[in-house]
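Visitor: If you scroll down you'll find the structure; I have some questions about it.
The values are calculated or read from the model by the stated rules, or taken from the named source; none is laboratory data. Note that the coordinates shown come from a computational prediction; the quantities given were computed from them, not determined experimentally. Glycine gets a Cβ as well: all are built from the backbone with ideal geometry, and neighbour counts include every protein chain shown. With ligands, DNA and RNA removed, areas are computed over all heavy atoms of the protein, side chains included. Shrake-Rupley method; radii C 1.70, N 1.55, O 1.52, S 1.80 Å.
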Amino acid sequence: NSNRASISHLHRQFYGRLYPILLVKTDGSTVHLRYKEPKRILMLPLDSNTLPEAERKARLRRQFPAKPKAVLEDTFEGIDLDTYKRFWKQ
């Protein structure tokens, strides 16, 4: 009866509470539905096998950008050390 839930918990794997979300499909169309977790937008993953070769490579470049090149440090060859002699400890 209805008093059973007040004495112990209900033995369910899934509860009846579903949250309204917006599902975005891979073609860009949207559908309103109810989902078990409270989210605003749920996007389906894009299948990269259906994309053209150029767009697939562009997406991979955006996903894994190139490593930044190392910056060369300035050398101290052109500096006159006598101008900084007063800062050295005697």
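Visitor: Please find the FRET efficiency linking residue 53 to residue 30, where r is the Cβ-Cβ separation and R0 is fixed at 22 Å, and quote it to the nearest 0.05.
Guide: Once rounded, the FRET efficiency stands at 0.20.
Visitor: A further question on this structure: Multiply the residue gap between residue 69 and residue 85 by 0.36 nm, knock off their C-alpha separation, and tell me the result in nm, one decimal place.
Guide: 2.2 nm
Visitor: What is the sum of charges around residue 19, taking Lys and Arg as +1, Asp and Glu as -1, for the other residues whose C-beta is under 12 Å from the C-beta of residue 19?
Guide: The answer is +4.
Visitor: What accessible area per residue, rounded to a whole number of Å², is obtained for the range 7-66 using a probe radius of 1.4 Å?
Guide: Per-residue accessible area for the range 7-66 comes out at 93 Å².
Visitor: Of all the accessible heavy-atom surface of the range 7-66, with the other protein chains kept in place and a 1.4 Å probe, what percent is carbon and sulfur?
Guide: The C+S portion of the solvent-accessible surface of the range 7-66 is 57 percent.
Visitor: Please give the contour-minus-distance gain from residue 76 to residue 18: 0.36 nm per residue of separation, less the Cα-Cα distance, rounded to one decimal in nm.
Guide: Length difference between fully extended and current span is 14.2 nm.
Visitor: If you don't mind, there's one more thing I want to ask. Sort 67, 25 from largest to smallest accessible area, using a 1.4 Å probe on the heavy atoms of the protein chains.
Guide: 67, 25
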